[in-house]
Amino acid sequence: MPWQPSANIHLLKQRAKVINQLRIFFAARDVLEVDTPVMSHYGVSDPHIDSIPVTFTADGTSVGKPMYLMSSPEYAMKRLLAAGSGCIYQISKAFRNGEAGRRHNPEFTLLEWYRVDFDLQQLMQEVASLVDMVLENDQLEWHFWSYRQAFENILNIDPLTATDEVIRSTALAHIDIQMQDSTPTDTWLDLLMSHCIEPKLPKACFIYNYPPSQAALSRIVEDERGDRVARRFEVYVNGMELANGYHELTQAQEQERRFALDNQARQAMGKAPMAADLRLINALQNGMPSCSGVALGIERLLMLTTGENDIAKVMAFNHPLA
């Protein structure tokens, strides 16, 4: 059975260099490094992410307690924010079930940070500065497109006001796929984004102000045209998603409502519901400061800086498929 590392020593040294650069970047901005558990009593409710379950059995007991490996340190970091931590960042292991391939590994490394009193534009600029710093001599020309602008520029439709039928027919006209008539509109939009939008984005591009139905844990506001949008962004470089950021939701009641909506979506997809993280709800009830946060995949950043197209090449040991 193969035992060798999946990355060579040169790339492991490059990885160590980049992680050191990240720490220097945040130290210069007085952002505190924190460390939170990777095992939790609660898994993530996002219907598109599956937590990996584990069992903790205390000494002297015969029945274990179900727990989960965290898909992101988000919930714990928000509890720190509510406790008065100020701006924080973390470089942590994250775990997601079912994710394996050239760009995915079930265990990977996330850089996640939260900036108190930052709006979405400020955080996007900081993300761009961080990526430019890591790239050193290969500076990017950054573009900032709204979700609506991306669809109008490339597909000539407005995804925020178009009817479900227009969105569906546009997808069928551009993608050779058979789907049920009852397929949710967000699924058609996701297909258009992955098949039609992402391949035609500028080399380095932020997409922001998503449809409210794709808000996840971000705030919902009105845009300049009076349409409701989710204040979140995704970062794409060379057609690869690199990071996902939000102007964070701080209302406990709305967070509970979204947990419930997530579980409705999970059940519709044939997935088990996930219990709401009550510690996060209690933290939000106590009061979390206005902030924006972002999660960036370190392996994907390394793939960008090294030119590798396989995540296995930038981590010491990947998850073997066989």
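Which residue is surrounded by the fewest Cβ atoms within 10 Å (Cβ to Cβ), if the candidates are limited to the range 59-93 and must be aromatic (Phe, Trp, Tyr) and in contact (Cβ under 8 Å) with a residue 60 or more places away in the chain?
The selected residue is Tyr75.
Going through Gly64, Gly43, Gly101, Gly60 one at a time, which residue ends up being under 21 Å from Asn263 (Cα atoms) and of a type in the set (Gly, Ala, Ser)?
Testing whether each residue is under 21 Å from Asn263 (Cα atoms) and of a type in the set (Gly, Ala, Ser) leaves just Gly43.
Which one of these is without any contact (Cβ under 8 Å) to a residue 40 or more places away in the chain and either surrounded by fewer than 12 Cβ atoms within 10 Å (Cβ to Cβ) or closer than 19 Å to Pro73 by Cα (or both): Ile24, Ile52?
Just one listed residue meets the conditions, Ile24.
Scan the range 230-246 for residues that are surrounded by fewer than 18 Cβ atoms within 10 Å (Cβ to Cβ) and among the hydrophobic types (A, V, I, L, M, F, W, C) and jot them down.
Matches in the range 230-246: Met240 only.
Restricting to the range 134-191, and then to whatever is of a type in the set (Val, Ile, Thr) and assigned to a loop (DSSP other than H, G, I, E, B), can you tell me which residue is nearest to Pro211 (Cα to Cα)?
Filtering first and then ranking leaves Thr161.
Please find, among Asp158, Asp227, the residue that is more than 22 Å from Gln122 (Cβ to Cβ), surrounded by 14 or more Cβ atoms within 10 Å (Cβ to Cβ) and free of Cβ contacts under 8 Å to residues at least 40 places away in the same chain.
Unique residue meeting the criteria: Asp158.
Given (1) touching a Ser or Thr at 6+ places or on another chain (Cβ under 9 Å); (2) surrounded by 15 or more Cβ atoms within 10 Å (Cβ to Cβ), where does Asp138 come up short, assuming only one miss?
Every listed condition holds for Asp138 apart from (2).
Being closer than 25 Å to Leu11 by Cα, among the small types (Gly, Ala, Ser) and out of contact with any Gly (no Cβ under 8 Å at 6 or more places or on another chain) is the filter here; which residues of the range 281-314 pass it?
If the condition is that a residue be closer than 25 Å to Leu11 by Cα, among the small types (Gly, Ala, Ser) and out of contact with any Gly (no Cβ under 8 Å at 6 or more places or on another chain), then Gly297, Gly307, Ala312 are the ones that fit.
Which numbered condition trips up Ala265, out of (1) modelled with pLDDT under 95; (2) crowded, with 20+ Cβ neighbours inside 10 Å; (3) within 20 Å of the chain's Cα centre (by Cα)?
Condition not satisfied by Ala265: (2).
Taking the range 290-307 as the search range and keeping residues that are surrounded by 17 or more Cβ atoms within 10 Å (Cβ to Cβ) and more than 14 Å from Gly245 (Cβ to Cβ), which one is farthest from the chain's Cα centre (by Cα)?
Residue satisfying both the conditions and the ranking: Thr305.
Would you be able to tell me the number of residues in the range 94-118 that are within 23 Å of Ala230 (Cα to Cα) and surrounded by fewer than 14 Cβ atoms within 10 Å (Cβ to Cβ)?
Summing the residues that are within 23 Å of Ala230 (Cα to Cα) and surrounded by fewer than 14 Cβ atoms within 10 Å (Cβ to Cβ) in the range 94-118 gives 1.
Mind listing whichever residues of the range 87-105 are at pLDDT 90 or above and assigned to a loop (DSSP other than H, G, I, E, B)?
The answer is Cys87, Arg96, Asn97, Arg103, His104, Asn105.
Yes or no: the range 70-83 includes at least one residue that is of a type in the set (A, V, I, L, M, F, W, C), under 15 Å from the mean Cα position of the chain (by Cα) and outside any strand (DSSP E or B).
Scanning the range 70-83, I find at least one residue that is of a type in the set (A, V, I, L, M, F, W, C), under 15 Å from the mean Cα position of the chain (by Cα) and outside any strand (DSSP E or B), so the answer is yes.
If I ask for residues that are more than 21 Å from Trp142 (Cβ to Cβ) and exposed (fewer than 14 other Cβ atoms within 10 Å of the Cβ), which ones from the range 188-204 would you list?
If the condition is that a residue be more than 21 Å from Trp142 (Cβ to Cβ) and exposed (fewer than 14 other Cβ atoms within 10 Å of the Cβ), then Ser194 is the only one that fits.
Within the range 92-115, track down each residue that is more than 14 Å from the chain's Cα centre (by Cα) and within 12 Å of Val294 (Cα to Cα).
Across the range 92-115, the qualifying residue is only Arg115.
The values are calculated or read from the model by the stated rules, or taken from the named source; none is laboratory data. Every value quoted in this text rests on a predicted model; they were computed, and no experiment measured them. Positions of Cβ are backbone-derived with ideal geometry, glycine not excepted, and every protein chain shown enters the neighbour counts.
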